[in-house]
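Presented below is the structure to which this report refers.
The values are calculated or read from the model by the stated rules, or taken from the named source; none is laboratory data. Because the structure is a prediction, the values reported are computed rather than measured. For neighbour counting, all protein chains shown are included, and Cβ atoms are generated from backbone atoms with ideal geometry for every residue, glycine included.
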Amino acid sequence: MKYVISIIALFVLVACGGGDSAHKLDTSNTKSELDAIRASNREVTTLEQYTDNQVDTVAFVYNRLGLTMPNTSGSTVYSNERIGHSTTQSDRDKINIMGNLYADVVTKLQTLKSFSDDAAFNTLTNKQIIESYKIVGGTDEYNTDELSDDNKNIIRNFVENHYSDVLNKYFNYDTESGDWIWYPKTQTLADIELVNSTQDAGLIFTLNTKGKIIAVTFDTPESNVTYDRVDKNIFKNKTDNETSRATTTMFGAQYNLKYTDFGSFIVDRPITDENGAKAWENISTDFIAGGYDIKRIDKNNISGEYDFNGRAIGHVVGTDNSTISLAADATLNFDNGTETLDMKFSENNWYDVQIIRNENNDTAINFTGSDITEQFRISDNANMTNGHVDIQYYGDKNAPSEFSGTAHYADPNGIQMNTAFGGGLK
């Protein structure tokens, strides 16, 4: 059976908890309500409201079969224009093209299951057998006109050993029925975690049933603290003794990012200063980054060279516990597995920082600068023994168009650097 999935049907799936997201949304929103929710959420993050992996599934199969995808909208991001409100025939045609492509691809992927059933396998044509072989990673060594029984058995064993990995990547598995759910994986903002630079805490959004961000939770090894949204990007947590304030400042909008975002999460508490006036005192500052898992592209699946422009923000804590705020241009070069991240913190009267990570994830860090204030001066022979970098790639059709990440460096003399960064293709 073919499954033709429309954009509206997919939105209903998200609302009903289908696909990948377990967060239910109300589907009764009008276009004006959707516009208002989107505008409200963009005061916190420019991440898209919802997304699915429909176009990525099609791209994967077409790539494995050596086919060229026809022109489509290139993304199944949910927006007001895509959820039943397309204003041009061109937009609607592209959506219909993707729906038909996806239905055909689902049929090809369902065929993979036939390799585990004798009766079903015996009904397959040579073309279906070889297509299935290529989809799970096989090569072009077989010809449909000359497929012997021995070759069929070799192919069958190969497909049986590999098809679950493919299906698990693009579909959810229902343990109750013992079968995959043949709809795209879907996610909402509530499925995202923005992780800090030391990789020990993360920010999670809470949405109401309409999809509006109403709170955030900061999850640490010690506690989970929820802050209710009170105004734009301001959140507060009330306890018996005081009300702490949290502020999110994200930078993805500067680079039109839609699948990932990066920025800071700052928590303050109320105090009375020496003059008796009310003020805020900083409790913690975290630099965070993250995005949609179903749009994240594994580094090992990227080949070729890509150049990105972006921004890096953060701070460096000196030996006397004073800080320098960091905010500067950043570039990232990906060259067949080797990543070179350059952050121009000389703009902030500190070092230019370069982090290089090769295809084996061996990582080096270099600091270039002069006339650095003594308490912020890095020791000689800096290395990443006490550091960490996390770089993630996102995009449609398994092609990276966005990146984000975090870096932490602890110098032997006590200086600490924490940053978050991100950007898009040049």
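Tabulated values for the structure
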quantity: Test: S132 is closer than 21 Å to L109 by Cα and surrounded by fewer than 18 Cβ atoms within 10 Å (Cβ to Cβ); calculated: no
quantity: Hits in region 248-272 - residues which are of a type in the set (S, T, N, Q) and either under 21 Å from L326 (Cα atoms) or crowded, with 22+ Cβ neighbours inside 10 Å (or both); calculated: T248, T249, Q254, T260, S264
quantity: Filter result for the condition that a residue is over 22 Å from the mean Cα position of the chain (by Cα) and either in contact (Cβ under 8 Å) with a residue 24 or more places away in the chain or under 30 Å from M417 (Cβ atoms) (or both), over Y163, Y170, Y183; calculated: Y163
quantity: Selection within region 169-191 - assigned to a loop (DSSP other than H, G, I, E, B) and buried (at least 21 other Cβ atoms within 10 Å of the Cβ); calculated: F171, P184, K185
quantity: Evaluation of R245 against (1) charged (D, E, K, R); (2) crowded, with 17+ Cβ neighbours inside 10 Å; (3) closer than 18 Å to T406 by Cβ (one fails), failing number; calculated: (3)
quantity: Yes/no for T226 being among the polar types (S, T, N, Q) and either at pLDDT below 95 or within 27 Å of Q416 (Cα to Cα) (or both); calculated: no
quantity: Count of region 218-242 residues which are of a type in the set (S, T, Y), assigned to a strand (DSSP E or B) and surrounded by fewer than 17 Cβ atoms within 10 Å (Cβ to Cβ); calculated: 1
quantity: Residue match in region 161-168 (condition: modelled with pLDDT of 95 or more, farther than 20 Å from N398 by Cα and in a helix (DSSP H, G or I)); calculated: yes
quantity: Residue among F265, F251 that is closer than 30 Å to K31 by Cα, at pLDDT 95 or above and not small (G, A, S); calculated: F251
quantity: Residue, modelled with the lowest pLDDT, within region 135-151, restricted to residues that are over 39 Å from the mean Cα position of the chain (by Cα) and surrounded by 13 or more Cβ atoms within 10 Å (Cβ to Cβ); calculated: L147
quantity: Looking only at region 222-266, and only at residues there that are small (G, A, S) and free of Cβ contacts under 8 Å to residues at least 40 places away in the same chain, the one that is nearest to I37 (Cα to Cα); calculated: A246
quantity: Criterion violated by N275 - all others in (1) surrounded by 18 or more Cβ atoms within 10 Å (Cβ to Cβ); (2) of a type outside the set (V, I, T); (3) within 26 Å of E242 (Cα to Cα) satisfied; calculated: (1)
quantity: Checking G178 against (1) touching a residue at least 12 places away in the same chain (Cβ under 8 Å); (2) on the phi > 0 side of the Ramachandran plot, the condition it does not meet; calculated: (1)
quantity: Only one of I415, I391, I365, I355 that is closer than 27 Å to V58 by Cα, in contact (Cβ under 8 Å) with a residue 12 or more places away in the chain, among the β-branched types (V, I, T) and touching a strand residue (DSSP E or B) at 6+ places or on another chain (Cβ under 8 Å); calculated: I391
quantity: Breaking point among (1) part of a strand (DSSP E or B); (2) surrounded by fewer than 21 Cβ atoms within 10 Å (Cβ to Cβ); (3) under 22 Å from the mean Cα position of the chain (by Cα), for D200; calculated: (1)
quantity: Selection count, region 128-153, where residues are in a helix (DSSP H, G or I) and under 24 Å from K169 (Cα atoms); calculated: 8
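Residues checked against (1) of a type outside the set (D, E, K, R); (2) outside the structural domain of G137 (by TED's automatic domain parsing); (3) modelled with pLDDT of 95 or more:
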{"residue": "G19", "(1), (2), (3)": "yes, no, no"}
{"residue": "H23", "(1), (2), (3)": "yes, no, no"}
{"residue": "S28", "(1), (2), (3)": "yes, no, no"}
{"residue": "L34", "(1), (2), (3)": "yes, no, no"}
{"residue": "R38", "(1), (2), (3)": "no, no, no"}
{"residue": "E43", "(1), (2), (3)": "no, no, yes"}
{"residue": "T46", "(1), (2), (3)": "yes, no, no"}
{"residue": "Q49", "(1), (2), (3)": "yes, no, no"}
{"residue": "V55", "(1), (2), (3)": "yes, no, no"}
